[in-house]
Amino acid sequence: MTGTSQPVRIVCAGGAVQDNVMRVEKFPAPGEKVSATDFVITSGGQAGNAAVAMARLGAQVTYIGAVGDETDDVANTILKTFAKENIDVSHAIRVPGARSAASLILLDAEGEKMIATMRPTGLHAATPADPDGIVANADAAMLDNRYSNISLPICLAAKKRGIPRVLDFDKPTPADDPLFQACSHVICSADAIRESTGVKDLPGALKKLGESFGEFLAVTDGPDGVYWLDRDQGSGEVRHMDAFKVKSVDTLGAGDTFHGAFAVHFVETRDVVKAMRFAAAAAAIKCTRFGGLMGAATRDEVDAFLKERG
């Protein structure tokens, strides 16, 4: 909740994908057949996953992204799924003649994943018609960097209003990227920051990227927690927060959950450390449940988890 006890209002901009998920005991070798023990078709993608996570946590979420046209069953299913989560999809852009993205995902007994994604090229030309209007009543913007054609206009409109712009930095990107530089809070995946900086050591990669970015900067490392640059310490000391230890069943969307939960709780508290701990709890709960972001936690579940863990 915000200071007036109203739900946090967040615009979530970027990609949405249909996830076709199977659970197997072990990943097949080339040419090998294995049996699946569970199967689900759900909606995902960086922004899509974050949108569901934030809605489950009580935020009022508006999703904007490019999807297939009205004849595309995949796009129709994605938007229906979001609508059932009370996400506003009225600004979703239906691209004539295009198909929505889809992923085929295998999860093994340890919750680790293998993913193949089809990203149609037609979705990368679409742009929002009225970015200023879309963010006019928002408390923050949650953005992914795989669809900068959508995210950058929303980010710039949010920057004009002075509201937080949280970026899911999942695609390797140069330091002078306009979307990256326009954000106020950037949380990277380990692979993306390593490839972007050429530095394998995560604290070192953070410091390297931080040389050209003066706002909040962090990197998630799955079960090994999160590192961030503490800007209170001059040029920035690297700090670390452990992940919560849980029995992992399905890690799909855990990073996106972290980003979304961070955005929600940062708006509520304006405290990045509290927001990261809240986000770590939401991500941990998600990892204990099969089904991608259909396993996202509610606000009551996250609060109870944090109380139990002290």
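Just so it is clear, none of the values below were taken in a lab; they were calculated from the coordinates. What you are looking at is a predicted structure, and each value in this text was computed from that prediction instead of being measured. Positions of Cβ are backbone-derived with ideal geometry, glycine not excepted, and every protein chain shown enters the neighbour counts.
Side notes on the structure shown:
- If both residues of a DSSP beta bridge must be in segment 136-258, then about 40% of such bridges are antiparallel.
- Segment 38-164: C-alpha gyration tensor shape, a/c 1.5 cut-off, then a/b vs b/c: prolate
- Computed over segment 9-308, relative contact order equals 17 percent, with contacts defined as Cα pairs under 8 Å that lie 6+ residues apart.
- Stokes-Einstein D for segment 115-231, Kirkwood Rh over Cα pairs, 37 °C, 0.692 mPa s (µm²/s): 220
- Antiparallel %, DSSP beta bridges [both residues in the chain], to 5: 40
- With a cut-off of 15 Å on the backbone N, the residues of segment 43-78 near the modelled label site 7 Å out from Ser90 along Cα-Cβ are 60-64.
- Most mobile of Arg146, Arg270, Arg299 in a GNM of the chain (Cα contacts under 10 Å): Arg270
- Taken as entire DSSP H runs, the helices of the chain never both span 27 Å or more between Cα atoms along their own long axis and average 0.0 or more on the Kyte-Doolittle scale.
- Spin-label pair Glu308-Glu237: with each label point 7 Å from Cα along the Cα-Cβ axis, the two points sit 3.4 nm from one another.
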